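Remarks on the structure that follows.
The values are calculated or read from the model by the stated rules, or taken from the named source; none is laboratory data. This is a predicted model, so every value here is computed, not measured. Cβ placement follows ideal geometry from the backbone for every residue including glycine, while neighbour counts extend to all protein chains displayed. Quick note on the areas: whole protein, heavy atoms, side chains included, nothing else; ligands and nucleic acids left out. Shrake-Rupley method; radii C 1.70, N 1.55, O 1.52, S 1.80 Å.
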Amino acid sequence: MTSSRIRVPGWNTATAAEGYRQVRENFAILLADHAGAAGRAVPACPQWTVRELVAHLAEICDRVITRFGGEACPVPEPASAAEVLKLWLERGPEADTLLAADGDGKGRGDIMVMDAFTHELDLRYALGVPPPGAHPAWLRAFEVLVRGLGDSLGRHGLPGMRIETEGATWIAGTEPVAAVLSGAPVDLYRSLAGRRSPAQIAAMDWLGDPEPWLRAFTWGPFAPPEEEIER
């Protein structure tokens with residue numbers, strides 16, 4: 001993947017295991033505070049309810065553990081959201097150990113953290129809860145998304161882009177850059193993770209015409225929704 005970090009002073013440089021653990025703990029707190037939300041739709045993942053969102057994360061955790069030789073423990077189909085969450089919380093520490101052993105979670109571990117943190121934000125928006133001001137997964141998850149955008153820029157034959165937010169600057173793609181995108185961390189993150197519409201992305205703070213760059217925001221599992229799903 002093509003990207004480079006220029007500066008991130010003040011950002012939490014926690015390990016992948018620490019970030020993944022915090023996501024699990026936050027899910028437990030959020031669901032305890034919103035009893036009865038299991039059947040609520042998740043706007044960022046319209047095919048899923050909250051229960052199915054939690055099941056996805058438990059299944060990814062199980063898949064990673066079994067890939068490294070651990071015992072499989074699939075999510076039972078009739079399990080409730082509380083039961084699925086309990087299963088994930090019980091399996092999570094084993095995944096933490098694997099992340100810590102895998103070069104501090106570099107590569108595949110960071111992707112796992114990005115997926116989990118992105119879905120924590122999905123849950124927060126579904127429940128009407130603000131995004132966290134600080135989180136040990138922010139930096140690692142953000143950098144996976146910047147690298148993904150950098151690869152997408154290359155595939156579309158586009159030059160590099162500088163991404164600027166509070167206390168952090170990255171180059172997505174290759175230099176010299178031909179555009180600059182600035183914004184609050186959560187707005188940039190949700191744009192890179194396919195949660196903001198093309199119109200919302202274009203309305204952000206750009207140096208240069210945003211139109212040529214919008215197609216690069218569709219990459220990997222991410223595609224901007226046609227209509228606004230969150231503000």
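In the set ARG215, ARG190, ARG231, ARG140, which member is touching a residue at least 40 places away in the same chain (Cβ under 8 Å), within 24 Å of LEU121 (Cα to Cα), basic (Lys, Arg) and surrounded by fewer than 19 Cβ atoms within 10 Å (Cβ to Cβ)?
Working: ARG190 fails: surrounded by fewer than 19 Cβ atoms within 10 Å (Cβ to Cβ); ARG231 fails: touching a residue at least 40 places away in the same chain (Cβ under 8 Å); ARG140 fails: surrounded by fewer than 19 Cβ atoms within 10 Å (Cβ to Cβ).
Just one listed residue meets the conditions, ARG215.
At pLDDT 95 or above, closer than 14 Å to TRP213 by Cβ and among the basic types (Lys, Arg): is that true of ARG124 in this structure? No, not satisfied. Would you say ALA32 is more than 17 Å from the chain's Cα centre (by Cα) and farther than 22 Å from PHE222 by Cα? Yes, satisfied.
Total residues in the stretch 165-201 satisfying the condition of being among the acidic types (Asp, Glu) and modelled with pLDDT under 95: the figure is 2.
Scan the stretch 94-103 and give yes if some residue there is in contact (Cβ under 8 Å) with a residue 24 or more places away in the chain, closer than 19 Å to LEU31 by Cβ and either touching a strand residue (DSSP E or B) at 6+ places or on another chain (Cβ under 7 Å) or open to solvent by 20 Å² or more (accessible area, probe 1.4 Å) (or both), otherwise no. Checked against the condition, which is being in contact (Cβ under 8 Å) with a residue 24 or more places away in the chain, closer than 19 Å to LEU31 by Cβ and either touching a strand residue (DSSP E or B) at 6+ places or on another chain (Cβ under 7 Å) or open to solvent by 20 Å² or more (accessible area, probe 1.4 Å) (or both), the stretch 94-103 yields no hits at all. Taken as a whole, the condition of being in contact with a helix residue (DSSP H, G or I) (Cβ under 8 Å, 6 or more places away or on another chain) and open to solvent by 30 Å² or more (accessible area, probe 1.4 Å) does not apply to MET161.
Among the residues of the stretch 197-206, count how many are touching a residue at least 24 places away in the same chain (Cβ under 8 Å) and open to solvent by 10 Å² or more (accessible area, probe 1.4 Å).
Residues of the stretch 197-206 touching a residue at least 24 places away in the same chain (Cβ under 8 Å): 197-200, 205-206.
Checking the rest, the ones that are also open to solvent by 10 Å² or more (accessible area, probe 1.4 Å) come to 198-200, 205-206.
Going through the stretch 197-206 one residue at a time, the tally reaches 5.
Residue pairs whose Cβ atoms lie under 7 Å apart, separated by 6 or more positions or on different chains, with the first residue in the stretch 165-179 and of a type in the set (D, E, K, R) and the second modelled with pLDDT of 90 or more and part of a strand (DSSP E or B), are GLU175/GLY160. Just to be sure, is VAL146 touching a strand residue (DSSP E or B) at 6+ places or on another chain (Cβ under 6 Å), surrounded by 19 or more Cβ atoms within 10 Å (Cβ to Cβ), assigned to a helix (DSSP H, G or I) and among the β-branched types (Val, Ile, Thr)? Criteria met by VAL146. Among the residues of the stretch 80-93, those that are loosely packed, with under 14 Cβ neighbours inside 10 Å and either closer than 15 Å to ALA116 by Cβ or without any contact (Cβ under 8 Å) to a residue 40 or more places away in the chain (or both) comprise GLU90, PRO93.
With respect to (1) more than 23 Å from ALA126 (Cα to Cα); (2) out of contact with any Pro (no Cβ under 6 Å at 6 or more places or on another chain), the lone exception for ALA223 is condition (1).
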